[in-house]
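None of the figures in this text is laboratory data; all of them are computed from the coordinates on show. Keep in mind that what you see is a predicted model, and the values were worked out from it rather than measured. Note that we place each Cβ from the backbone using ideal geometry, even for glycine, and neighbour counts take in every protein chain shown.
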Amino acid sequence: MNTDTVRPAVTELRLSAFKTHRGVTLPLTRLTLLSGESGSGKSSALQAYEILARLGSGEPLARAVGEVAGSPAACVPAGARPDEQGRRGFRIGCTVDGPAGPVSLDLAVQAEPELRIVGERLTGGGETLLTTALTDPNRPTVQAAWHTAGATPVTRAPLPDDRLGTSLLPLRVAGKTEGQRLVLAAAEQVVVALRSAFVCDPRPEVMRGVGTGGTGGAGQDGGCGADGAGGAGRGAGARRSGRGAGSGGGPGKPGGAGGTAGAWGARKRMGSGGGEAGSWGRDTEGARGEGRLRSSCDNLPAVLERTSQECARRHAVLVAAVREACAGPVEGLRAVPRQAGGTGHGAADAAGVAGPAGSSGPQGGAVGVRAVLDRGALGELPVEQLGDGELRFLALALVLLTGPEVLAMDPVGEVPSAHQQMTVMADGMDRCMDPRQARELVSLALRMTDRGHVRLLGTVRDPSVAEGLPGVQVLHLGV
């Protein structure tokens, strides 16, 4: 399988043994939507991809699995029986296409009794480039062997059993022989593709500032009523919490800005990540101050304030899309100062959420910004008064029209942005939306992915929203 671009991209996701999936292979194009009945494994497929992406970003295994699935045991296929030593686990993998050709990565993870990577295989160019195996259960390492093709065919050394070995190869391989250079090229291709992922899960309840008014959400899967109340959900948003400073660090430099050609942020490169080496940094306080959109989109007004000033043309496209999705007239979309004491538009005023760096608290003067729709003769409407579907549409449209420098993610900073493309992962892409809104969002995603800078992997309840749209691949799970 080959892509028509030099930008590394995940073109196949393998769920050999993961949750409800056994022996499942999902081909991924620039715009792939997963559909199926409840329990068919749509969300778990995205979770497997996110685990790989986090590992590729340098996160330790426990954090990668815990942030995504909640517990290692939750990833084990249903009905899997432990062996004589009480061990159970899961297996996932992917294929990344790019300048080095197709490169395959496969992982075997032991979930019980201890969480560890017990096997990893990297193949490409007709060669087995890296293999790891657990040889001593009493040591926190695996025995690794990577392709050398020099005086000795392979080099052997121990690697930690809680890290993706592929992401560590650039620190261990000298690149003196042709074989070593092949290993480095393949490892970099995989890491670049995996680190270029952004998980987007707009939460209407936190976008309105209900509850905490900060990072995290009021719930993981809260209900989406037409009146925009938002459900309480489960889990207090912990699954999308930010990563602490200082852990990990793959082959990339700390806090690389990356950037996507043609996306917002090209004029304004962000600074270093402030100790977030190799992390996604989705919900960090620094992301709020920099105007970088978090996964839950709770800081959307601050980001809108920035993007509307940086690229008028893209902002006009966003306004046009919102006009198609929202009821009533929409003549503009902008951020305005939020005053202490509020204006009677909801709990977000009191919370003072989404304020840029340096804004004051809820007492005295301005407390950040709020986003409003200009409805012409009808006046301004704060976006927190929109329905859940309209809010989710606005947030997802903004993500599709931006790039890594506007999103709270950490692509590989030393690889030119022209050699990277962002993959947006959106679970429940049509959640809370009516068919018209969902189709408009898919149409916008198709236009953006056709440009070659953005890819999308999403899940939908109703696959008909993509009918008649060439270039959209719909995979039906559970059939």
Query - Val424 long-range amide H proximity, modeled H, under 5 Å - result: Phe198, Arg455, Leu456, Leu457
Report summary line: P(r) over all Cα-Cα pairs of segment 17-70, 5 Å bins from 0 to the longest distance, whole percent per bin, short to long, reads 4, 18, 26, 24, 18, 9, 1
Query raised in the report: Over segment 45-150, one equal point on each Cα, no solvent: what is log10 I(q)/I(0) by the Debye formula at q = 0.09, 0.12, 0.20 Å⁻¹?
Result: -0.25, -0.44, -1.13
Query raised in the report: Roughly speaking, what is the centre-to-centre gap between segment 300-324 and segment 13-89 when only Cα atoms are used, to the nearest Å?
Result: 35
Query raised in the report: So who's got an amide H within less than 5 Å of the one on Val118, skipping anything under 5 residues away but keeping other chains? H placed 1.01 Å off N, in plane.
Result: Ala108, Val109, Gln110
Query raised in the report: Using 1/(1 + (r/R0)^6) with R0 = 35 angstrom and r between the beta carbons of Asp106 and Arg451, what's the FRET efficiency to the nearest 0.05?
Result: 0.65
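Ranked by Cβ crowding within 10 angstrom, fewest neighbours first, how are His147, His476 ordered?
On the way: His147 25, His476 13.
Ranked by crowding around the Cβ, least crowded first: His476, His147.
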Query raised in the report: How would you rank Arg203, Arg116, going from fewest to most other Cβ atoms within 10 Å of each one's own Cβ?
Result: Arg116, Arg203
**Report entry** Modelled FRET efficiency - R0 35 Å, Asp374 with Asp462, Cβ distances, 0.05 increments
**Finding:** 0.65
